[in-house]
Every structure is written in C-alpha cells, then in structure tokens.
Amino acid sequence: MSDNQLLEVIERYLNGEMKADERKKFEVLRKENAEVDGKVVEHKLFTNLLKQYGERVELETRLNAIHDEIDVHTLKENLMVHPVWIVQLWRNHHSKISVAASVAIFGVLVSLWSTGKLNTGDNTNIVELKNKVDRLDKSNTNLSRSINAIKSEKGKSTVVDKYSATATGFAITADGLIATNYHVVDGANAVSVQNADGESYKAEVLYTEPQHDIAILKIIDKSFTGLKTVPYTFKRAESNIAEQISTYGYPDGFPAYSPGSLSSLVGQNGDSVHYKVTIPINPGNSGGPLWDSKGNVIGITDAKQSQIEGEHFAIKIRYLLNAIKNIPADSLDNKVLLNKKNTLAGLSEAQKTEKTKNFVFMVKVYN
C-alpha cells in the first residue's frame, strides 16, 4: 500500500466512514504495525492543528472587523444614558466574536495546505503561529474589557444572560479539567459549570474531538480553588456484557442517579466507539460519567446517540483517554495526571454517589 493510499484509509478511519468489519481490521493492523499506528496519531494531530489554526485566523478576521466598526470611546459618550442599548451591543458583538464561520475556515485551510505553509516540521511557522494566537487572545481580552467598562460605568450592574441549555460533565483532574460531549458545547458562545452545592464557575472549551463526540473543558474562574483528590479511576480495558453500571448527572437540570447494566459492547450497527446500556440517557445526561460496580469510569453517557430508536449508548472511556493525550501541551498549565487509586471499591451505591457528586458538574451552555 502506497503512502497516498494509506493516507486515504487513515482519513476514512478518522472520519468514521469505515464499515464495522473494515474498521475492526484496520484497528488490528494498528495494533500489529507500530508505523501505521504512528501515522494515524500523527495525522490526527495534524488535522487538529489545521482546524485550530483556521479557527484562530477566522476569529482574528472577525475581531479586526469589529474593531473597525466600534469606537469604544465614542460609544462611552453616546450610549451611557441608554443602558438597554449597551446590553444589546454586547450581546450582538459577543456573538460575532465567538462564532467562527466554517466556510471561511475551510478556505483558509485549503490555501495553507496547498502552499505548504502549515508544515508541522517547520519550527519557524509554529513559533509565528503561537505569537499570532497570543496577540489575538490579548486583542479579544482588551475588547471585552472595554465593553464591560462601558456597562459598569456609574454603578450600572452587568447583565448576565440566562443559559440556553444544560448537560453534565465530570472531573478528569482536581485542577479543573472537565469531560463532556462535544455536541453539548458545539457552537456555544460561553460555558460554565455548576457543582453539587450550586456554585458556578466560568469555563472554556480546551480541546475537542468531534469524531468521537468528546470535549474537554477547563475551569478558568479565579474563585475556583481546586477539588479534592478525584476518587475514581479510568478503566481503559473493555468491560463485560451484563456488568452492573450506573451514572450520575443532571437531566432536566436536577441531579439524578441511574443504575443499569451493560447490554452490548458495540453501538448502533456494530459501532465500536460506543457501549449499549440499559440506562435511559436523556439530553441533560449528556457528558456524564458511566461507572462500573467498582467505581471505575468506563464511559461517557451520550444522549445524542440515544435518539436512535430509543436505544441508549455511552462512549468508551479509552477514547477520552486518547483525547487527553492529544491535548496540545501549550494549552495546559500542568501535565495531566490522572488518579490511579480508586477509593470507591467496596462502597454501597449510596456511598459512591455521595462521594462522587462533587466531581460531577452541571454544564451550562450560553448561545
């Protein structure tokens, strides 16, 4: 098989275009051939870099356009007596800043790919890209501060928009990394998480893998001081059919425990990414943890897949573990260290739920 042919196969594999038997054969090939597996990992990282760079370029273009439209000092003089106008201004431009146009991104990526400007082996380009991203982040922050300053002038309180949807997420680490589903945060302008005590924290989308419906959030709120040691571990090996399982999440915005069993090791039409489970997975359960009887996390509940003929599914945890490894190092303040000691084994279901509830969050999405 030539390099070009292998590349085409890898793209079909990552895009989920293979049939179940073909995918299974390719996964066996990956295990047996380290070179092929390395090319899969390398291609996945490269396509993620392309996507992230395209999003940054589009966002920078939109920010520049907004800067050209807005004269902050003039607005401060003209709109101070019209607080309703100020709120509307923020809502309109906040949406513009946050949403990246997929068509424009695609055009940028094609252009960069064809000209070879995104060679991942080119250290000069990588440094230039990092500097541009840093400048873009500062520009975005300064614009937000300027508009917030107008709204807060003369004691006017900042208006907080009500969140438009809720789902579930769970702690990966004690320093604020949260796992949830990609479809939960897809297109969101802002995200926050709320713990069992009702305390909300501002968060950001740190990393996503849409092909596996996985998103990793990071709590960035200054009031967040960290969690205690995560009490559960993550089980990479597949579980067994008929094994007793449970989940805890926020269907309808309220905490709920649900027990069940593992009914199949594959999802719809032989999909190897998902387990089939007997637990009802409602929209608010999206992104919740799926535990085995010993308290190991074995999956992520997936309400999007549960819309298929009333069946219910969960993403296998090994895909989350792979996503964690794929997070760009420069996106992290610290190396991700997963807990290796399970302190839930031997506890009753009520005791496990009590011990884990502070590590499961309601995810609030703002559009």
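The values are calculated or read from the model by the stated rules, or taken from the named source; none is laboratory data. In this text, all values refer to a predicted model and were calculated from it rather than measured experimentally. Using ideal geometry, Cβ is built from the backbone for each residue, glycine included, and neighbour counts are taken over all protein chains shown. Note: accessible area is taken over every heavy atom of the protein model, side chains too, but ligands, DNA and RNA are not part of it. Shrake-Rupley method; radii C 1.70, N 1.55, O 1.52, S 1.80 Å.
The single residue among 272, 239 that is part of a loop (DSSP other than H, G, I, E, B) and touching a helix residue (DSSP H, G or I) at 6+ places or on another chain (Cβ under 8 Å) turns out to be 272. Can you name the residue in region 313-347 that is more than 16 Å from residue 171 (Cα to Cα) and small (Gly, Ala, Ser) and is also least open to solvent (accessible area, probe 1.4 Å) among such residues? Restricting to residues being more than 16 Å from residue 171 (Cα to Cα) and small (Gly, Ala, Ser), the top hit is 314. Pairing residues of region 170-188 that are in the same structural domain as residue 336 (by TED's automatic domain parsing) with residues that are open to solvent by less than 10 Å² (accessible area, probe 1.4 Å) and part of a helix (DSSP H, G or I), at Cβ distances under 7 Å and at least 6 apart in sequence or on separate chains, gives 179/320. A Cβ distance below 7 Å, combined with a sequence gap of six or more or placement on separate chains, defines the contacts here; from region 42-59, residues that are surrounded by fewer than 18 Cβ atoms within 10 Å (Cβ to Cβ) reach residues that are small (Gly, Ala, Ser) in the pairs 55/100. Within region 331-353, the only residue that satisfies the criterion of being in contact with a helix residue (DSSP H, G or I) (Cβ under 7 Å, 6 or more places away or on another chain) and under 16 Å from residue 217 (Cα atoms) is 336. Here are some conditions: (1) open to solvent by less than 40 Å² (accessible area, probe 1.4 Å); (2) at pLDDT 80 or above; (3) under 22 Å from the mean Cα position of the chain (by Cα). Residue 11 meets all but one. Which one does it not meet? Checking residue 11 against (1) open to solvent by less than 40 Å² (accessible area, probe 1.4 Å); (2) at pLDDT 80 or above; (3) under 22 Å from the mean Cα position of the chain (by Cα), the one that fails is (1).
Residues in region 253-286 that are touching a residue at least 60 places away in the same chain (Cβ under 8 Å), open to solvent by 50 Å² or more (accessible area, probe 1.4 Å) and farther than 24 Å from residue 341 by Cα: 255, 266, 269, 283. Close Cβ contacts (under 9 Å, 6 or more residues apart or on different chains) running from residues in region 300-328 that are in the same structural domain as residue 210 (by TED's automatic domain parsing) and assigned to a strand (DSSP E or B) to residues that are open to solvent by 50 Å² or more (accessible area, probe 1.4 Å) and acidic (Asp, Glu) comprise 316/238. Filtered by the rule that a residue be aliphatic (A, V, I, L, M) and either modelled with pLDDT under 85 or farther than 24 Å from residue 268 by Cβ (or both), region 30-46 gives 34, 36, 41, 45. Can you tell me which residues in region 14-28 are surrounded by 13 or more Cβ atoms within 10 Å (Cβ to Cβ) and free of Cβ contacts under 8 Å to residues at least 60 places away in the same chain? Result: 18, 22, 26.
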